[in-house]
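The values are calculated or read from the model by the stated rules, or taken from the named source; none is laboratory data. These figures come from a predicted structure and were not determined experimentally. Reconstructed Cβ throughout: ideal geometry from the backbone, glycine too, with neighbour counts over all protein chains shown.
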């Protein structure tokens, strides 16, 4: 799994990272609440490991931001030096899935991480693979010929929807409602702008096996190409 770790003690951060990488996980560590939340807005993790006390805030702050902005599917394990009932209850009520009392014991920590990981796998979203394209919906990453493509959130969401609906005629209004929502204040020109960007970023002119075909007065059809342009 790809794990985000918030721990302000450099020695603890290094030790926890070592245990996790030895268990075949990848780890990105952060020493402050601000840095961690900034990373959560950009990078997709399979699990979060959060120290309850951070120099510029608490684990509760991280939990509140995560649950508000990323939902309740992402597993969160809290590290705390306090094992009193009140602290544990507060952590769980704030959105933690489990907790480990510091100093953490390596086997216990890894067992709890593995248990939460099994939940991720049971609820994991599929990886779409179509020719040169691979879309990891869970981590929200799109790769072309094995290389990740930098995309905005709406570009990614639109890409996923197109790849999930090949061959279908999709109107601009339909795409606008599906990707931006029914109550959006943007207009259909936004759809055209994003479609244009995706054509350039993903080579959707047929050269990579897929193309976005405009349907005059209606919208677009995403279809397989039989020729390279």
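Per-residue answers, yes or no, for (1) outside any strand (DSSP E or B); (2) closer than 16 Å to residue 204 by Cα; (3) at pLDDT 90 or above; (4) out of contact with any helix residue (DSSP H, G or I) (no Cβ under 9 Å at 6 or more places or on another chain):
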site: 124; (1), (2), (3), (4): yes, no, no, yes
site: 129; (1), (2), (3), (4): no, yes, no, yes
site: 135; (1), (2), (3), (4): no, yes, no, no
site: 138; (1), (2), (3), (4): yes, no, no, no
site: 143; (1), (2), (3), (4): no, yes, yes, yes
site: 155; (1), (2), (3), (4): yes, yes, yes, no
site: 166; (1), (2), (3), (4): yes, yes, no, yes
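As an exercise: evaluate residue 31 against (1) within 30 Å of residue 159 (Cβ to Cβ); (2) more than 17 Å from the chain's Cα centre (by Cα); (3) surrounded by 15 or more Cβ atoms within 10 Å (Cβ to Cβ) and give the number of the one condition it does not meet.
Among (1) within 30 Å of residue 159 (Cβ to Cβ); (2) more than 17 Å from the chain's Cα centre (by Cα); (3) surrounded by 15 or more Cβ atoms within 10 Å (Cβ to Cβ), the lone unmet condition for residue 31 is (1).
Filter segment 162-185 down to the residues that are surrounded by fewer than 16 Cβ atoms within 10 Å (Cβ to Cβ), out of contact with any strand residue (DSSP E or B) (no Cβ under 6 Å at 6 or more places or on another chain), under 21 Å from residue 140 (Cβ atoms) and in contact (Cβ under 8 Å) with a residue 12 or more places away in the chain and list them by number.
Residues satisfying the conditions are 164, 165, 178.
Within segment 93-114, can you find the residues that are closer than 24 Å to residue 61 by Cα, at pLDDT 85 or above and in a helix (DSSP H, G or I)?
Matches in segment 93-114: 109, 112, 113.
Quick one: in segment 34-57, which of the residues that are surrounded by fewer than 19 Cβ atoms within 10 Å (Cβ to Cβ) and over 14 Å from the mean Cα position of the chain (by Cα) is nearest to residue 82 (Cα to Cα)?
53
Mind checking which residues of segment 75-89 are crowded, with 19+ Cβ neighbours inside 10 Å and farther than 13 Å from residue 113 by Cα?
80, the sole residue that qualifies.
Just the residues that are farther than 20 Å from residue 112 by Cβ, touching a helix residue (DSSP H, G or I) at 6+ places or on another chain (Cβ under 6 Å) and not in a loop (DSSP other than H, G, I, E, B), please, taken from segment 55-74.
57, 61, 65
Would you confirm whether or not segment 4-27 contains a residue that is exposed (fewer than 14 other Cβ atoms within 10 Å of the Cβ) and touching a strand residue (DSSP E or B) at 6+ places or on another chain (Cβ under 7 Å)?
Within segment 4-27 (the criterion being exposed (fewer than 14 other Cβ atoms within 10 Å of the Cβ) and touching a strand residue (DSSP E or B) at 6+ places or on another chain (Cβ under 7 Å)), the answer is yes, since at least one residue qualifies.
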